[in-house]
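Scroll down for the structure; my scribbles are underneath it.
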Amino acid sequence: MDVIVTGTENYGNEAYKKLFEDVMSEMGKAVSLEKAIIVLDPEQPLFIFSVMLRNRPESKKIADAVSIRTEGSEVHITISDENYAPEILSALWKAYGRDRVDQQTRFDIKIDNADEETIANIEIASGEDSKREILGALWRTIPEGIKARHNISEGRVITIAATEEIVTQHVKDEALRIHNEIKGDADV
């Protein structure tokens with residue numbers, strides 16, 4: 001992930017870059033980001049965080065995160081993307097009930113009297129959920145006490161402008177400028 005930080009203090013810029021990278025990494029979102037632009041102006045105060053995702057957030061179905069096979073009236077799945085394991089189990093319990101869903105190992109699940117195609121098409125994550133998770137991660141990097149926020153979300157780009165004061169047209173314009181800068185010529 002390419003991170004560009006601009007601000008009024010070089011030490012603060014480097015410290016904030018590290019903080020941002022650490023938070024995104026700890027929350028498992030760093031791999032989702034292609035690049036970030038962070039503008040720090042504590043004198044105003046104005047903080048702008050703009051990120052470009054590697055891919056457009058899309059909904060995920062069980063088939064996107066497992067290998068699946070049918071044996072008689074049982075459907076067996078092996079989770080290949082463990083990030084979705086809790087969502088998969090929860091979705092299967094909701095669709096089939098706990099008595100028909102048998103988690104045999106951490107990644108192997110058997111569903112009694114089920115249809116492979118139906119299971120494969122169960123949604124486990126929406127594109128909006130992914131954006132909300134990134135937005136939540138960004139909010140954790142904003143200094144505490146900065147409550148007035150303006151969000152822009154378009155395709156693969158999410159931008160937040162945060163200030164202590166009222167979100168003025170100047171703040172919105174500056175956020176849009178950074179938003180458009182990170183977009184560049186990319187397919188968003």
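Between the beta carbons of Asp64 and His170, assuming R0 = 45 Å, the FRET efficiency works out to 0.60 to the nearest 0.05. If you wrap the tightest convex hull around every Cα atom of region 16-71 and split its volume per residue, you get 104 Å³.
Taking amide H positions as modeled 1.01 Å from N, with prolines and chain starts lacking one, the residues under 5 Å from Ile4 and 5 or more places away or on another chain are Ala36, Ile37, Ile38.
Listed options for Cα Rg over 2.2 N^0.38 Å are (i) 1.18; (ii) 1.00; (iii) 1.29. The value calculated from this structure is the one marked (iii).
Nearest 20 debye, what's the magnitude of the dipole of the chain about its Cα centre given +1 on Lys and Arg Cβ and -1 on Asp and Glu Cβ? Its charge dipole is roughly 180 debye.
Taking a point 7 angstrom from the Cα of Arg56 along the C-beta vector, which residues in region 144-167 have backbone N less than 16 Å away? Correct set: 153-158.
A compact globular protein would have a Cα radius of gyration near 2.2 N^0.38 Å; the ratio found for region 85-140 is 1.39. With protein chains left intact and a 1.4 Å probe, residues in the chain average 55 Å² of accessible area per residue. Only protein atoms count toward the accessible area here, which uses a 1.4 Å probe; on region 74-188, the carbon and sulfur part of that area reaches 44 percent.
For a Förster distance of 25 Å, can you work out the FRET efficiency between the beta-carbons of Asn151 and Glu14, rounded to the nearest 0.05?
Details: r = 26 Å, r/R0 = 1.05.
That gives a FRET efficiency of 0.45.
Give the peptides 21-30, 170-179, 153-162 in descending order of average Cβ contacts within 10 Å, highest first. Intermediate values should be presented prior to the final figure.
Numbers: 21-30: 15.4, 170-179: 17.3, 153-162: 20.6.
Packing order, densest peptide first, comes out as 153-162, 170-179, 21-30.
Using C-alpha pairs under 8 Å with a sequence gap of at least 6, the mean separation divided by the residue count of region 83-188 gives a relative contact order of 16 percent.
Relative contact order of the chain, taken over Cα pairs closer than 8 Å and 6 or more residues apart, is 24 percent.
The values are calculated or read from the model by the stated rules, or taken from the named source; none is laboratory data. These numbers come from a predicted model, not from an experiment. Using ideal geometry, Cβ is built from the backbone for each residue, glycine included, and neighbour counts are taken over all protein chains shown. Ligands, DNA and RNA are stripped out before the accessible areas are found, and what is left, the full protein with its side chains, is counted by its heavy atoms. Shrake-Rupley method; radii C 1.70, N 1.55, O 1.52, S 1.80 Å.
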